[in-house]
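Engineer: Once you've had a glance at the structure underneath, I'll fire off some questions.
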């Protein structure tokens, strides 16, 4: 099984032949293809434009050529844009009526039914089917008629799972499926695909999988046909091969500019179950864009529901991280204390070395002067925040002691209602807001000109001014932490109780509006002077 899948990968994706992990390699190729999809879509648009120009130049009396060109435009739009496909099927029906050609009229109505089913317009599709008489159709049109009925009843049974109606729809689907197989061309894609579907409905998944594998070994399939075969086969295989096949299907959909597809959405669901949130979000967004582009509102609503579930999961994860923020901050401050002790120890040893090496006094003093400036800044910053740390912790200890005494008293008195009121009165959100507010005040005490210096790096219309109720806002606070030396985005996200993607977005948005390059911007932020340096600059 795995050897067969690898053979497909090598056939479709030669650039991945040397990759160690097949699934990750396929996913990487898919993401590259998504970034390149404008190239494939442009080719399709160019082909469509050529056909439209030919149709525009066709004589209004040449109905045969009009029908041929509209039919070609239908096939180009069928899995690309619903509205355009709908327009040309309606036009095909009108032209067939003018030609008084009943088989063509039936064929055009069947084409309309296919795109209606793809968008969940079951009532309209079945209304159209009821107007058709299979007895008056040639075999080729009759085959499409039964193929449409198979697809319509199958999808309806998937959406309408009522125990009374679903079996009826499945039965109608099986009857139409058998008729379609009998009318399909031997050894054709349709014959193998429909036969595989019949086996699957008969619980003969091994035989069904064999049909799809035989199709995928064929060199004559289009990208769209490969996508269909790979996707259907994925529903019959184990979890490992399933993801690879769905990814292959999604790649083929991109290359064929197929917007009416389930592969990318299904792959996103698999990645979500695996915990790959970043790629899940990327693929769900792509699936939503494709569904919107095609015009499938029903499918797009399903994707939006999945995106909401993803956001809810991210919110749960975020709340879990927020609960550890205070602990992380205390850990950082304790680390700062240790680091300060180490730094002072290093300075002491350096000074002792200077005394022992009188021959290098001048050079050593020059270097120590530069080092002391940096150490002085670090020491002042750490001194402020260490004091702040002890003040916050002491305050929390006093609050805990007061709550403990009150709780013990109320437990003894069995005053559980008052005890519940005490618990409700603990406003964690307010405490966190107070924490950030105090942080901002201490930071501006150390860097009083930070906002002015920071805005000097931005265009005038993009400068950031905190509201009257704020000391610093989120954008300024992120770069305040950077100025303090906390450059890791994950650490900043934990401290500010945001996701890492939000921190990246803030940084990117601000740097894109800067008057200097991104690398120079970071350097300029780190060069913003703190209070003591400014005083020395004013009083040399």
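Rule-based calculations on the coordinates, nothing more; no lab input. From a predicted model like this one, the values you see are computed outputs, not experimental measurements. Glycine also receives a Cβ, built like all others from the backbone with ideal geometry; neighbour counts cover every protein chain displayed.
Engineer: Is the shape of the range 74-130 rounded, prolate or oblate, going by the alpha carbon gyration tensor and its root eigenvalues a ≥ b ≥ c, with a/c under 1.5 for rounded and a/b larger than b/c for prolate? Let's see the in-between values first.
Structural biologist: Values: a/c = 2.50, a/b = 1.30, b/c = 1.93.
Oblate.
Engineer: Label points 7 Å out from Cα along the Cβ direction at residue 217 and residue 65: separation in nm?
Structural biologist: Those two pseudo-labels are separated by 4.6 nm.
Engineer: Same structure again: From the square roots a ≥ b ≥ c of the eigenvalues of the alpha-carbon gyration tensor of the range 115-214, which class results: rounded (a/c under 1.5), prolate (a/b over b/c), or oblate? The partial results should precede the final answer.
Structural biologist: Values: a/c = 2.02, a/b = 1.16, b/c = 1.74.
Because a/c hits 1.5 or more and a/b fails to exceed b/c, the range 115-214 counts as oblate.
Engineer: Taking 0.36 nm per residue of sequence separation and subtracting the Cα-Cα distance, how much length would be gained by fully extending the chain between residue 473 and residue 54, in nm to one decimal?
Structural biologist: Between residue 473 and residue 54, full extension yields an extra 145.0 nm.
Engineer: Just order 216-226, 260-270, 192-202, 61-71 by mean Cβ neighbour count inside 10 Å, highest at the front, would you?
Structural biologist: Peptide ranking by packing, descending: 260-270, 192-202, 61-71, 216-226.
Engineer: Taking 0.36 nm per residue of sequence separation and subtracting the Cα-Cα distance, how much length would be gained by fully extending the chain between residue 516 and residue 136, in nm to one decimal?
Structural biologist: Stretched out fully, the residue 516 to residue 136 stretch lengthens by 129.4 nm.
Engineer: Order the peptides 502-510, 329-337, 477-485 from the highest to the lowest mean number of other Cβ atoms within 10 Å of their residues.
Structural biologist: Packing order, densest peptide first, comes out as 477-485, 502-510, 329-337.
Engineer: Moving to a separate point now. Go through 45-52, 243-250 and give me the packing order, highest mean Cβ count within 10 Å leading.
Structural biologist: With the highest mean Cβ count within 10 Å placed first, the list reads 243-250, 45-52.
Engineer: Just to verify a number: FRET efficiency for residue 298 and residue 32, C-beta to C-beta distance, R0 = 45 Å, to 0.05?
Structural biologist: Computed FRET efficiency for residue 298 and residue 32 comes out at 0.90.
Engineer: If you take the square roots of the eigenvalues of the alpha-carbon gyration tensor of the range 418-521 and sort them as a ≥ b ≥ c, do you get rounded (a/c under 1.5), prolate (a/b over b/c) or oblate?
Structural biologist: Details: a/c = 2.47, a/b = 1.89, b/c = 1.30.
Judged from the Cα gyration tensor, the range 418-521 comes out prolate (a/c at least 1.5, a/b above b/c).
Engineer: Taking Rh as the Kirkwood radius computed over C-alpha pairs, what is the Stokes-Einstein D of the range 24-119 at 37 °C in a medium of viscosity 0.692 mPa s, expressed in µm² per second?
Structural biologist: 222 µm²/s
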